[in-house]
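Student: Okay, here's the structure, questions in a sec.
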Amino acid sequence: MDITPHYWSQSSSPKPLGSMHKKSKEIIFPPFAEDSPLANDYLSQELNPIGTLYSYTVIHPSLKSGIQPYAIGFVDLPDFPVRIFGRLIQDGGPAIGNQYLMKPDTEFGHIFEKINNP
């Protein structure tokens, strides 16, 4: 099931979308659907997809499942106070303060891929 179109811009390099309250300027993620009764009070807002890892945990599924351990965490996006939860993709382990790029994903809606800084 592809759940990505709802909160991704349709540009050639998709960016996550949020909803910004017209009066308070508070950002909500994911954005309200167009048919939501609250949609009239919000504007669509494109978000910066590069953020900083705030917190994470590593999940260790049962050996019987055959699923390898994976990391999930909260990433703070700049410009607006938005903290988004998702799967972390990286070589090696995550660390608080690492930079991640939020990308569309057909299975999870979005993932965070670690940016390798030189």
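Student: Specify whether the C-alpha gyration tensor of segment 58-118 places it in the rounded, prolate or oblate class, a ≥ b ≥ c being the square roots of the eigenvalues: rounded for a/c under 1.5, otherwise prolate if a/b is larger than b/c and oblate if not. Write out the running numbers ahead of the final one.
Tutor: Values: a/c = 2.10, a/b = 1.62, b/c = 1.29.
Taking the square roots of the gyration eigenvalues as a ≥ b ≥ c, segment 58-118 is prolate.
Student: Given the options 97, 66, 86, which has the most mean-square fluctuation in a GNM of the chain, springs set between C-alpha atoms less than 10 angstrom apart?
Tutor: Judging by the Gaussian network model, the answer is 66.
Student: Still on this model: Give, in nm to one decimal, the length gained when the segment between residue 21 and residue 79 is fully stretched (0.36 nm per residue of separation minus the Cα-Cα distance). Spell out each step's value before the answer.
Tutor: Details: separation 58, 0.36 × 58 = 20.88 nm, distance 1.52 nm.
Separation in residues times 0.36 nm, less the Cα-Cα distance, equals 19.4 nm.
Student: Give the longest segment of the chain that steers clear of trypsin sites (Lys or Arg not before Pro) in DSSP loops with at most 15 neighbouring Cβ atoms within 10 Å, not counting the sites themselves.
Tutor: Here the longest segment lacking exposed loop sites spans 26-118.
Student: Tell me the relative contact order for segment 5-114 as a rounded percent, counting alpha carbon contacts under 8 Å between residues six or more apart. If you can, show how the numbers build up before the last one.
Tutor: On the way: 220 pairs, mean separation 23.4, N = 110.
Dividing the mean separation by the residue count of segment 5-114 yields 21 percent.
The numbers here are math on the coordinates, done by the rules we state, and not lab data. All values derive from a computational prediction rather than experimental measurement. Here the Cβ is made from the backbone with ideal geometry for all residues, glycine too, and neighbour counts use every protein chain on show.
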